[in-house]
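Student: Have a look at the structure that comes next, please.
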Amino acid sequence: MADPRHERDGFWPRGYALPEQLDAFVDDLAKDTGQQTDKKEWILKERSGYGGHGNTVASAEEVMLACGLDALADSVLCQRIVDPPMLLDGCKFSLRVYVISFPRGRRFWMTASVPLMRKREGMDYDKMWNDIEESIGAVMKRYVEFRRDNAPAYAPLCILPQILGFDFILDSATSPFLPEVNRFPGLEPRSSMGTRT
């Protein structure tokens, strides 16, 4: 399987805003040797989706068909699924890291909602958390630059701290991928396991 990471940033799964970036999606598929267009290795995320609602798992063939039929009413994010993922008791999971961005954007603070992970032999948890911190630092740097460059539009947000939710998925080698950052993360648990965590 092709590496799901973008070359520019090692922590983002490969992704496209569709239908706007359909040509780039098709070009990249053509570059991937041995790519199976019928394997369901893409996820389509609607802008208004919350907690996985509105997400669709699709093959590259299905993605192209949906774009060709104008089935995508609004722009959606199409990302390659992290494969193979790390499993917790046989199930996929994600890590939510909450980041509080303070005014002037120079400081931020993190806390994580972490599933009860058992240390496994050969896993480097320090490296995993360092990689997570580095990716958050890179995103926050861009976020601060974006807010600074668009100050008039974001003036009301610049005086208040903002909570962001960074959702990470680990692959089987404990490398973190950052599928999304939520500007308005839900802070309430969605399940009994979330409450316990």
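Each value in this text was obtained by applying a stated rule to the coordinates, not by laboratory testing. This structure is a prediction, so every number in the text was calculated from the model and none was measured.
Student: Can you work out the Karplus-derived ³J(HN,Hα) for every residue in region 95-102? Use 6.51 cos²θ - 1.76 cosθ + 1.60 with θ = phi - 60°, whole Hz, and x for glycine or proline.
Tutor: Result, ordered by residue: 10, 9, 10, 8, 10, 9, 9, 8 Hz.
Student: Can you tell me how much longer the chain between V26 and F146 gets when fully stretched, taken as 0.36 nm per residue apart minus their C-alpha distance, in nm with one decimal?
Tutor: Full extension from V26 to F146 adds 40.3 nm.
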